[in-house]
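The values are calculated or read from the model by the stated rules, or taken from the named source; none is laboratory data. Only a predicted model underlies this, so the values are computations on that prediction, with no experimental measurement involved. So basically every Cβ, Gly included, is an ideal-geometry build from the backbone, and we count neighbours across all protein chains shown.
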Amino acid sequence: MTSVVVHDEFVRLVDNGRHADFHLRWLRHNCDVDRHPATRERLIDSAELPDQLAVREAAVDDGVLRITWLHDNRTSRYPLAWLERHAYAVNREAVPRPPSDVRLLELDGARGPTAVARDVLANVSQHGAALVRREHPNPEAETEAWIDALDARGLRVVGTHFGRIEDLRTDNTTNANTDQLGYTDAAIGFHTDQPFLDEPPRYQLLQSIRVADRGGDSLLADGEAALRYLASLDVEAADLLRRTPVRFHRQQKQFEREVVSPIISLRDDRVHVRSSYFTVAPYQLPFDRMTAWYRAHDQFVRILRDPRHHFAFRLRAGDVLVYDNHRMLHGRTAFAGARWVRGVYFDRAASAAEHDFEISG
């Protein structure tokens, strides 16, 4: 018995362990209604269809796939025998959506930084991030303990133009170069940190010291998984992200750096993402490439922003998030109140392979 599964861009027909995928646009272009009653020739061009198509309802009965379209409520009918003759994606291996279940990342931090550090790095290696749930009466007194625990596992602190430890709070008095979004209460969309450096720090620790009165939820997305998902839908868009250099330019009152690099690059068989809408310079591409570039870039970002494709959670006082800054993109919602998060950057130490846990990549 044939069943139908509706996805954002396509529908999948499943029967006896086999499946076939059909794009929504392809299906609507081949709608049985848009045929001349006498000649059965097609009456419309695909260019006349809406840019975005969506399914209101889909079902299979009596050997026919019936699709009711959202934009005009039309029902199209496709005999299964006809679809089988014209199938172009039989038994295609579907790429999973980027993960969103925060339980993949969570660890119990009751044992303390030293005891949980090995599990933290294992999660970072496997999932790109680790979220340690830990209650502590005075979290700011534990920052150095976390640094020492990760140091013992092969990571070294990387100082930046902000300093060794960032105090991300609106009333900051401890850091230099605080004229940037991280020190405001504004929402911040998905980005990687320090993309304007030749070698952005590989890892970041974020330690929640004090929660906001309202808002301030954390967002995290797996850029590597998002790229794979994009490539499964539009391989040319994914290729554009890998081969189009753009300029990242951080200009503050007392600090300026810039670098030219693709948003996606491959390093030692791993994906390295550079993405920051607030530090990317105006694109300087040939006129005939600009439209395709925006389309590819925006597809990637829309995948990240889809709630089904990212982690969303609230850091409680004492909680710690450690993530791979080359793989994961992060952000936050706007907030009110005295939210305080500490940030520390790390890179892999040259001697990391000597430790009993070796960080992948």
Can you name every one of the strands (runs of 3 or more DSSP E) wholly within the stretch 238-281 that holds 1 or more residues which are within 19 Å of the chain's Cα centre (by Cα), closer than 18 Å to GLY128 by Cβ and modelled with pLDDT of 95 or more? 264-267, 270-273
Within the stretch 81-99, which residues are touching a strand residue (DSSP E or B) at 6+ places or on another chain (Cβ under 7 Å) and over 15 Å from HIS23 (Cα atoms)? PRO98, PRO99
Is it true that VAL95 is at pLDDT 95 or above and either surrounded by 12 or more Cβ atoms within 10 Å (Cβ to Cβ) or outside the structural domain of PHE311 (by TED's automatic domain parsing) (or both)? no
Give the number of residues within the stretch 158-199 that are among the basic types (Lys, Arg) and closer than 26 Å to VAL246 by Cβ. 0
In the stretch 142-162, is there at least one residue being of a type in the set (Asp, Glu), in the same structural domain as ASP347 (by TED's automatic domain parsing) and either under 22 Å from the mean Cα position of the chain (by Cα) or not in a helix (DSSP H, G or I) (or both)? no
Which numbered condition in (1) in contact with a Cys (Cβ under 7 Å, 6 or more places away or on another chain); (2) within 23 Å of ARG97 (Cα to Cα) is the only one that SER76 fails? (2)
Considering each residue of the stretch 292-328, count those that are closer than 18 Å to SER265 by Cβ and aliphatic (A, V, I, L, M), and give that number. 4
Residue within the stretch 211-227 that is surrounded by 16 or more Cβ atoms within 10 Å (Cβ to Cβ) and basic (Lys, Arg) present: no
Can you find a residue in the stretch 42-58 that is of a type in the set (Val, Ile, Thr), at negative phi and in contact (Cβ under 8 Å) with a residue 40 or more places away in the chain? yes
